[in-house]
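The values are calculated or read from the model by the stated rules, or taken from the named source; none is laboratory data. Quick caveat, the model's predicted, so the values are computed rather than measured. What goes into the accessible areas is simple: the full protein's heavy atoms, side chains included, and nothing from ligands, DNA or RNA. Shrake-Rupley method; radii C 1.70, N 1.55, O 1.52, S 1.80 Å.
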Amino acid sequence: MVEGEVAKAEIVETVVVSKLEVVVEESPTACDSEVAVEKAGECECAKNKSSKTAHERDVALAKLEEEKRLSFIKAWEESEKAKVDHKAEKKLCEVCAWENKKIATLESRLIKYEEELERKRAEYQETIKNKMGLIHRQAEEKRAIVEAIRGEKILRSEEMAAEFREIGHAPPRRCSLFGC
């Protein structure tokens, strides 16, 4: 710029923050000596305008700082929530693993008991069958003894009947206490 010219420059700052566009304009004016007298009122106005725009800029920067702070807090909150969720998920996995381990232990114990019961059942069945076989043999022996005694008594009664026939006597009557 050349000296003596009135310089009018506008400085525009644009700040984009989370879909919010803030435009701050500054328009400092340099007043000539000729124009200074005429525009004395305008210079004060320009200073007010400059201070107004500086204030708007400060407000916009404060909003920007506040949004930055809130954004940081929100990110921290989400990070903490993610940590808590991760820890809770890890604990839930540990609980599931513990539950599965305990259930597997109990199921194996149940299978072991079932096998033991099946083995004892088979042994008991075998014992019972052996006892039944023993009883059956004893019953056969007793039947054989009864048949042998019966056979002996039939043979003895036939021999006595033959003897009575030879002698020609009738067999004696057996009297009981209650009647003959």
**Report entry** Debye log10 I(q)/I(0) at q = 0.19, 0.21, 0.24 Å⁻¹ for region 79-180, Cα point scatterers
**Finding:** -1.04, -1.09, -1.15
Requested in this report: Rank these residues by their accessible area, most exposed first, probe 1.4 Å: Ile73, Ile135.
Outcome: Ile135, Ile73
Query - Semi-axis lengths (Å, descending) of the ellipsoid that matches the C-alpha gyration tensor of region 107-161 - result: 52, 4, 4
Report task. Write down the Å³ per residue value for the convex hull defined by the alpha carbon atoms of region 54-128. Result -> 40
Query raised in the report: How many lysine pairs in region 87-133, separated by 8 or more positions in sequence or lying on different chains, have Cα atoms less than 26 Å apart?
Result: 12
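In whole percent, and with a 1.4 Å probe on the protein chains, what portion of the accessible area of region 65-165 is carbon and sulfur? Could you put the intermediate results ahead of the total?
Values: 5810 of 9670 Å².
That share works out to 60 percent.
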